[in-house]
Amino acid sequence: YGTTQNPSSFDPLNAYDTTSGDIIVNVFECLYGIDYANDEVEPRLAEDMGTWDTNQTVMTVTLRDDVTWQDGSAFTASDVVWNFERLATLSEDDLCQHASLWYNDDGDIMFESIEETGDYEVEFTMAKTWFDFEKLLPFWGASLIKPIDGYEDDVLDLTDIDQMIGTGPFYLDTYTPDEKTVLFRYDDYYGV
């Protein structure tokens, strides 16, 4: 993968530039994605589009049960919880490059909590009714990485490439600054 400039990061929470984003979307995935051919949001790691409670403050998302991380381990609800708790922590600590997107008009992080309600189900509880949250879920900055001990409250840098495990169709192999980023096909990708 050749680019006109170096990526700033491969960590979805530590990047806000298109070069990084172009690489991130090939390695990591979101709960939802955009089908650009039809200009529609569609489920990716989620089984369906999720449901809201009658107050529009709790969103329940059922996850696919056939997804594996690129190291072969199962993708589950606990992985989603870890990623969104990390997003909240890094946003509050000003370490998330796109933190401002995740706050509502009261200045609070959009979701109060995320809970694992089953092996393949999560529940987001909003601080208040705030539909921008759902619109942000297909954004590559909401891409999920395999949980890594010690990174609950820190960002990965470009030298941490061996720890950057996603669920996407490609995995990161090498990065040479000012030269190239090498991706290889993930043969067990569920989307094939």
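The figures follow:
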{"quantity": "Virtual spin-label span in nm between Glu112 and Gln5, 7 Å along Cα→Cβ", "calculated": "4.0"}
{"quantity": "Radius 10 Å from Cβ of Asp93, net charge of other residues (Lys, Arg +1; Asp, Glu -1)", "calculated": "-4"}
{"quantity": "Size descriptor, Kirkwood hydrodynamic radius, that averages inverse alpha-carbon separations across the chain, Å", "calculated": "16.9"}
{"quantity": "Cα Rg, Dmax, region 147-192, angstrom units", "calculated": "12.4, 34"}
{"quantity": "5 angstrom amide H check on Ser113, placed H, neighbours 5+ away", "calculated": "Thr125"}
{"quantity": "Whole-percent carbon and sulfur share, accessible surface of the chain, 1.4 Å", "calculated": "44"}
{"quantity": "Exposure of Glu123 as accessible area (Å², to 10), given a probe of 1.4 Å and all protein chains", "calculated": "50"}
{"quantity": "Asp53-Tyr36 pseudo-label distance in nm [points 7 Å out on the Cα-to-Cβ vector]", "calculated": "3.8"}
{"quantity": "All Cα pairs of region 84-150, percent lying beyond 17 Å", "calculated": "43"}
{"quantity": "Accessible surface, per residue, of region 76-132 when the full set of protein chains is kept, probe 1.4 Å, Å²", "calculated": "45"}
{"quantity": "For Ala74, net neighbour charge (Lys/Arg +1, Asp/Glu -1) across residues whose Cβ lies under 12 Å away", "calculated": "-4"}
{"quantity": "Fully extended contour minus Cα-Cα distance, from Ser73 to Ile148, at 0.36 nm per residue", "calculated": "25.7 nm"}
{"quantity": "Charge dipole (debye, nearest 20) of the chain; +1 at Cβ of Lys and Arg, -1 at Cβ of Asp and Glu", "calculated": "500"}
{"quantity": "Within the chain, helix-based [θ] at 222 nm, where runs of 4 or more DSSP H residues each add -39,500 (n - 2.57), nearest 500", "calculated": "-5000 deg cm²/dmol"}
{"quantity": "Order of exposure, largest accessible area first, which applies to Tyr175, Tyr120 with probe 1.4 Å", "calculated": "Tyr120, Tyr175"}
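The values are calculated or read from the model by the stated rules, or taken from the named source; none is laboratory data. The shown structure was predicted, so the numbers you read here are calculated from the model rather than taken from an experiment. Cβ coordinates were reconstructed from backbone atoms using ideal geometry, including for glycine residues, and neighbour counts include every protein chain displayed. Side chains are part of the model used for accessible areas, which takes the heavy atoms of the whole protein and leaves out ligands, DNA and RNA. Shrake-Rupley method; radii C 1.70, N 1.55, O 1.52, S 1.80 Å.
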